[in-house]
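Remarks on the structure that follows.
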Ligand SMILES: Cc1ncc(COP(=O)(O)O)c(C=O)c1O
C-alpha cells in the first residue's frame, strides 16, 4: 500500500531540484508548538521552521491579519505608497535604534542589501573601500554576496570565484580582529550569536573590540540578526545585550512569522549615502508581508511575548542543562533565551531521526550540534514535555555511540 509519504517523496524526487536532504516526515497541520504529520502523529516543535514560526503554528491573530489583508490588497509594488511599510519601518526603528529600513524577502537578501549599502557608503564618500571582515563559522546566506562572507568551504567552493576582498578571522579573538581591520575595511559583519555555526554567542570582549576597531578605522559594522533577532535570545536584538553599535542590521526569519520578509536596518549616516535606484525588490515590503510583520511585532512587544521569553527562557535553560548533564555525549550547552545548542562529542545527525521517532522536532547544525529554536510562545509545561522526549532520544543515541 502506498502511504502519503511515499507519494510525496516520489513526486518530489522526480520534479523538485534535489538541494535539500529532507527528513522522511510530511507535516500537514500545526497548532501552537505542535505539528501534525500526514499519518496524524502529533509532534512538539523545538525548531519553528528554523526560527521562523515565532508565534507558533496557526496563530489566530496572525492568520486573521494575513487573511484580512489578502482579502483587501496584497501587493502593489514599490512604485506606489501603501500605509503599512512606513509603520513597520517606524516600529523596527523604535526597537533597533536604526532609523531607516529597506525591505526584502529573506535573510540572505537582507545581508546582501547591507553589504551593498556598506559599499555604497564608501563610494559616496569618495573613498571606495571594498574589503569586508567576516568570522570563521559564520553563515549569512547563499546568494553571491552573502555566500562570500559565509565561511564554510563546503558551501563556497562549487561557486567560486565569489566577491573578492573578504578576510575571515576566528570568532571571539579580539587580537585577530584588531590585526585584520584597517582603513581599507568597508565593513565588519558578524552574527551576535552564530546560528548555523553551532549557536556561539560573541563574547562581550569581542563585541567591545568590534566597537573599538570601528571607531578607530571608520569601518562600518553589520550585525546579522536574521536568526538571533526579534526575541529569540530574550532581547529584541542581541547586539544590544552585547553593547554593540551596528551601522546596519539584517533581519528576517521570525519577522513575518512564516510570511517571507526580510529587512536591512540602517543608521542615518549610511542612509544619507543611498540614492533612488541603488537597490530594490519587486515584492519587498508588500502589504501582505508588512501586515504579518506588524502582527508579529505587536505580539512581541505589546502582546507580552518578550516578557514571556524572559520567564520561559531561564526555565528552558535550567531544564536543558539538567537534561544535558545526564548524557556523557553532551560536551557543552550554549545559547540564551530560546536559542540553544547542545555540542556533542559525536556527530549530531542521528539525534534528529531519534527525536522524530519520539515525536519532537530538532535540528543538527555544524556537524556536532543539536540546535533548539522553539516557537517563542512555548510554555514551561510544553518545554518540559519536549525536553523529556529529547532526553530519551539522546539516551538512545548515546547508548549506540
Ligand atoms: C544569521 C543568518 N543570516 C542569514 C541567513 C539566510 O537567511 P535566508 O535563509 O532567509 O536567506 C540565515 C539563515 O539561516 C542566518 O541564520
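With an 8 Å Cα cut-off and a minimum separation of 6 or more residues, compute the relative contact order for the chain in percent.
Dividing the mean separation by the residue count of the chain yields 21 percent.
Just report the Cα centroid separation between the stretch 230-264 and the stretch 1-67, whole Å.
Between the Cα centres of the stretch 230-264 and the stretch 1-67 lies a distance of 25 Å.
Rounded to the nearest 10 degrees, what's the angle between the helix 380-400 long axis and the longest principal axis of the chain, both from Cα atoms, 0 to 90?
Taking the Cα atoms of the chain, the angle to 380-400 is about 80 degrees.
Using alpha carbons only, how many degrees (0 to 90, rounded to 10) separate the axis of helix 287-300 from the longest principal axis of the chain?
The helix 287-300 is inclined about 70 degrees to the chain.
Which whole-number percent is the relative contact order of the stretch 238-298 (Cα, under 8 Å, 6+ apart)?
35 percent
On a full-extension model of 0.36 nm per residue, what is the gain between residue 25 and residue 268, subtracting their alpha-carbon distance, rounded to one decimal in nm?
82.8 nm
Against the longest principal axis of the chain, how steep is helix 204-217, in degrees 0 to 90 to the nearest 10, with axes from Cα atoms?
20 degrees
Please work out the C-alpha center-to-center distance from the stretch 93-135 to the stretch 192-216 and express it in whole Å.
18 Å
Among 384, 37, what is the fewest-to-most ranking by other Cβ atoms within 10 Å?
Ordered by Cβ neighbours within 10 Å, fewest first: 384, 37.
Computed over the Cα atoms of the stretch 73-300, what is the ratio Rg over Rh, Rh following Kirkwood?
That ratio is 0.95, to two decimals.
Between residue 58 and residue 3, what FRET efficiency comes out of the Förster formula 1/(1 + (r/R0)^6) with R0 = 35 Å and r the beta carbon distance, rounded to 0.05? Please list the in-between numbers first.
On the way: r = 24 Å, r/R0 = 0.69.
Between residue 3 and residue 58 the formula returns 0.90.
Using helices alone, what [θ] at 222 nm do you get for the chain, with -39,500 (n - 2.57) per DSSP H run of 4 or more residues, divided over all residues and rounded to the nearest 500?
Result for the chain: -12000 deg cm²/dmol, rounded to the nearest 500.
Could you check the spin-label model distance between residue 215 and residue 127? Points 7 Å from the Cα along Cα→Cβ, value in nm.
1.7 nm
For the modelled label position 7 Å from the Cα of residue 384 along Cα-to-Cβ, which residues of the stretch 318-336 have backbone nitrogen atoms closer than 12 Å?
The answer is 319, whose backbone nitrogens lie closer than 12 Å to the label point.
Listing 169, 261 from the residue with the fewest other Cβ atoms within 10 Å to the one with the most, what is the order?
Fewest-to-most ranking of 169, 261: 169, 261.
Calculate how many DSSP beta bridges within the chain are antiparallel, expressed in % of all such bridges and rounded to the nearest 5.
Antiparallel bridges: around 65 percent, rounded to the nearest 5.
Give the Cα extents of the chain along the principal axes, in whole Å, largest first.
Computed over the Cα atoms, the extents are 66, 53, 46 Å.
Would you mind ranking 339, 74, 1 so that the residue whose beta carbon has the fewest other beta carbons within 10 Å leads the list?
1, 74, 339
Using Cα-Cα distances under 8 Å and only pairs 6 or more residues apart, what relative contact order does the stretch 73-300 have, in percent? Walk me through the numbers on the way to the answer.
Numbers: 469 pairs, mean separation 65.3, N = 228.
Result for the stretch 73-300 is 29 percent.
Computed from the coordinates by the stated procedures, all read-outs in this text should not be read as laboratory data. All figures in this text were calculated on a predicted structure; none of them were measured in a lab. Cβ coordinates were reconstructed from backbone atoms using ideal geometry, including for glycine residues, and neighbour counts include every protein chain displayed.
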